[in-house]
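Down below is the structure, laid out as structure tokens.
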Amino acid sequence: MIPRYARKEMTDIWEPATKFKIWYEIEAHACDAQAELGVIPQENADAVWKAKDVEFDVARIDEIEAVTKHDVIAFLTHLAEHVGSEEARFVHQGMTSSDVLDTCLNVQLARAADILLADMDKVLAALKKRALEHKNTVRVGRSHGIHAEPTTMGLTFARFYAEMDRNKARLAQAREEIATGAISGAVGTFANIDPRVEEHVCEKLGLKPEPISTQVIPRDRHAMFFAVLGVIASSIENIAIEIRHMQRTEVLEGAEFFSMGQKGSSAMPHKKNPVLTENLTGLARLVRMTVVPAMENVALWHERDISHSSVERGIGPDATVTLNFALNRLAGVVDKMLIFPENMLDNMNKFPGLVMSQRVLLALTQAGVSREDAYAMVQRNALKVWEERVDFQELLLGDAEVVAALGEDGIRAKFDMEYHTKHVDTIFKRVFGD
């Protein structure tokens, strides 16, 4: 990813130096297990650890690979330059390249998931804070972008919290599923390496042994992982879209924080644009872009091909780095965003009383009017509010049929705003607990 949308904590995971360090640890731990089993001399296993503090020369490995056309062989050659060719002759004993590559990739993805889980905690904390802060701040709910019935800003934040909480659980499951390793040799049969080597290496790296690999770890695990990242990205966009709509000039119920010295437009000095949430919408597209290639990587030829390899070299860093950046940006946006309760009430009253139409409809049916007749009685008055911006309650009080069914006091009683917020506490307990 480009530096503009990258954070060092995540990009470090994907640096070549980090990758080679993990490769080294896989090989060194495998040598320890081989020595313990009596397959190789202990002194050779010990010699490999002489390189534990070495910073592997990425340029030198690239130089060797230019000749060998094989990245793992290039690394092993460079390792022997540090350890000694005689001492290193048992390194990679019984292993195949995928044992190193796949196990390393899953270590990187698991580490990335740990960072992303922490990022999600930041988002959840920001959403919960704003939900509690605006638990009873009334705003109009919208369906199809049109005024529907009253809700609260707190409920808006609470539903986003619940969505992200589900996503965190999904990511935790995906992290567990991806955290497997394979040191099973050519075509995965363990013919040339004892399964106990795999168990040892996985234990040291915080992985579980892959129950059955071919020459690669099954890619349905990776498809699941990237699919979850895609769902999280979609939820980020869901929140971002709501904030962008709130910030529209004719709505202005909420807005991104506008810092001192910030400029909204090179041409129009008055502009305050929702640039951060628009950016989040774009970043969500980039993360989702990695999902389909991950799905297509599941189907490989026989016990192994490398059609997945080039894909994963791109989507591994791209998806995790982008999502790491997006989650941190989202947490900041939610935490600092501005809320305008007065504008919410102004918006509610643009069509005075109209949001109470369903309550009047239900009252008429309870008073003995058929649903069809009740709907027609309410709608003929509601349409006048749309067209003339007159007060809905006053129109109903002037409608003889409605007054005959409900009475004037009965009509007025149906315009109590607290009627729509009476179960907010119940919903909050469901989302946040007691």
Could you check the simple spin-label distance between H147 and D434, using points 7 Å along Cα→Cβ, in nm with one decimal?
-> 4.0
Here the relative contact order (percent) of segment 319-434, from C-alpha pairs under 8 Å and at least 6 apart, is 23
For the pair D425 and E176, the simple spin-label estimate (label points 7 Å beyond Cα toward Cβ) gives in nm 3.6
Counting Lys and Arg as +1 and Asp and Glu as -1, each charge on the Cβ, what is the dipole of the chain about the Cα centre in debye, to the nearest 20?
-> 1620
Directionally averaged shadow of the chain, computed from the convex hull of its alpha-carbon atoms, nm² | 29.0
When the charge dipole of the chain is computed with +1 on Lys and Arg Cβ and -1 on Asp and Glu Cβ about the Cα centre, the Cα farthest towards its positive end, among A118, G188, P293, belongs to A118
If one builds a Gaussian network model of the chain from Cα atoms under 10 Å apart, the most fluctuating residue listed among V275, V138, V107 is V275
For helix 58-68, report the angle its Cα long axis makes with the longest principal axis of the Cα atoms of the chain; keep it between 0 and 90° and round to the nearest 10°.
-> 70
Residue of K422, K128, K21 that the Gaussian network model of the chain assigns the largest fluctuation, springs spanning Cα pairs under 10 Å = K422
Dipole axis of segment 97-344 (+1 Lys, Arg; -1 Asp, Glu on Cβ), positive-most option in L283, L105, T156 | T156
Estimated dipole of segment 354-414 in Debye, rounded to 20 [Cβ of Lys and Arg +1, of Asp and Glu -1, Cα centre] = 220
With everything on Cα atoms, drop me the angle between helix 275-288 and the longest principal axis of the chain, reported from 0 to 90° to the nearest 10.
-> 50
Give me the angle, in degrees from 0 to 90, between the Cα long axis of helix 153-178 and the longest principal axis of the Cα atoms of the chain, rounded to the nearest 10.
-> 20
Rg(Cα) / (2.2 N^0.38 Å) computed for segment 1-67, rounded to two decimals = 1.45
Net length gained if the chain between E418 and L345 were fully extended (0.36 nm per residue, minus Cα distance) = 24.9 nm
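Suppose a student asked you for the relative contact order of the chain, using Cα pairs under 8 Å spaced at least 6 residues apart; what percent would you report?
17
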Rg(Cα)/(2.2 N^0.38 Å) for segment 25-137, N = residue count | 1.64
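Hey, what number do you get for the chain at 222 nm if only DSSP H runs of n ≥ 4 count, each worth -39500 (n - 2.57), divided across all residues, to the nearest 500?
-20000 deg cm²/dmol
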Cα-centre dipole for segment 293-360 with unit charges at Cβ (Lys and Arg positive, Asp and Glu negative), debye to 20 | 340
Convert 4 °C to kelvin, take the viscosity as 1.567 mPa s, use the Kirkwood radius over C-alpha pairs of segment 97-344 as Rh, and evaluate the Stokes-Einstein diffusion coefficient in µm²/s, rounded to a whole number.
-> 64
Highest first, please rank the peptides 404-413, 222-231, 185-194 by the mean number of other Cβ atoms sitting within 10 Å of their residues.
-> 222-231, 185-194, 404-413
What whole-number value in cubic angstrom gives the convex hull volume per residue for the C-alpha atoms of segment 162-293?
-> 162
Simple spin-label estimate for R89 and T189 in nanometres, 7 Å along Cα-Cβ = 2.7
Please work out how much length the chain gains when fully extended from E387 to H70, using 0.36 nm per residue of separation minus the C-alpha to C-alpha distance, in nm with one decimal.
-> 106.8 nm
How much length, in nm to one decimal, is gained on full extension between A267 and I306, taken as 0.36 nm per residue of separation minus their Cα-Cα distance?
-> 9.0 nm
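Read the figures in this text as sums done on the coordinates, not as results from a lab. Given the structure is predicted, the values throughout are model-derived calculations rather than measurements. Positions of Cβ are backbone-derived with ideal geometry, glycine not excepted, and every protein chain shown enters the neighbour counts.
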